[in-house]
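See structure below.
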Amino acid sequence: GTVSVPLVDKFFGPGYAFVTEAIRQVSQRLDGAAIDMPAGPSDVLVIADSGATPDFVASDLLSQAEHGRDSQVILLTPDADMARR
């Protein structure tokens, strides 16, 4: 804990690279908080055919791509029109 942030027993959830590093450092201290699991880069594979909604496909891809340069997003589609949209 700090003056403005209360002490916790455990950290939960992912974060971007700097958050992950901070959590790793705190969890390795003898008096540090536990963690649920170390977070790695984000990735997603979206499989979309002609029945998929392009806006939803784009949202799913962007929701992971925004996490950082090491994020990987892949669209797999047999539909050339879907790939262009």
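Out of the residues in the range 36-45 that are in a strand (DSSP E or B) and of a type in the set (A, V, I, L, M), which is surrounded by the most Cβ atoms within 10 Å (Cβ to Cβ)? Steps first, answer last, please.
Step one: filter the range 36-45 for residues in a strand (DSSP E or B), giving 43-45.
Right, trim to of a type in the set (A, V, I, L, M) and you get 44-45.
Numbers: V44: 16, L45: 12.
Filtering the range 36-45 for residues that are in a strand (DSSP E or B) and of a type in the set (A, V, I, L, M), the one surrounded by the most Cβ atoms within 10 Å (Cβ to Cβ) comes out as V44.
Mind listing whichever residues of the range 6-25 are of a type in the set (V, I, T) and under 12 Å from P38 (Cβ atoms)? Steps first, please.
Of the range 6-25, the ones of a type in the set (V, I, T) are 8, 19-20, 23.
Within the range 6-25, V19, T20, I23 meet the criteria.
If you go through the range 1-35 one residue at a time, how many are part of a loop (DSSP other than H, G, I, E, B) and under 23 Å from Q72 (Cα atoms)?
Filtering the range 1-35 for residues part of a loop (DSSP other than H, G, I, E, B) gives 1-9, 12-16, 28-33.
The next check asks that each one be under 23 Å from Q72 (Cα atoms); those that pass are 12-16.
Residues in the range 1-35 being part of a loop (DSSP other than H, G, I, E, B) and under 23 Å from Q72 (Cα atoms): 5 in total.
Between residues in the range 64-85 that are surrounded by fewer than 15 Cβ atoms within 10 Å (Cβ to Cβ) and among the charged types (D, E, K, R) and residues that are assigned to a loop (DSSP other than H, G, I, E, B) and modelled with pLDDT of 90 or more, which pairs lie under 8 Å by C-beta distance while being six or more apart or on different chains?
D79/A48; D79/D49; D79/S50; D81/S50
Testing V19 on (1) more than 30 Å from D81 (Cβ to Cβ); (2) exposed (fewer than 14 other Cβ atoms within 10 Å of the Cβ); (3) over 15 Å from the mean Cα position of the chain (by Cα), one condition comes back false. Which one is that?
(3)
Inspect all residues belonging to the range 51-72 and state whether any of them is in contact with a Leu (Cβ under 7 Å, 6 or more places away or on another chain) and either of a type in the set (D, E) or more than 30 Å from G1 (Cβ to Cβ) (or both). Give the steps one after another, and end with the answer.
Keep residues of the range 51-72 that are in contact with a Leu (Cβ under 7 Å, 6 or more places away or on another chain), which gives 57, 61.
Still in the list and also either of a type in the set (D, E) or more than 30 Å from G1 (Cβ to Cβ) (or both): 57, 61.
Looking through the range 51-72, at least one residue is in contact with a Leu (Cβ under 7 Å, 6 or more places away or on another chain) and either of a type in the set (D, E) or more than 30 Å from G1 (Cβ to Cβ) (or both).
The values are calculated or read from the model by the stated rules, or taken from the named source; none is laboratory data. If you're wondering where the values come from, they're calculated on a predicted model, not measured in any experiment. Glycine also receives a Cβ, built like all others from the backbone with ideal geometry; neighbour counts cover every protein chain displayed.
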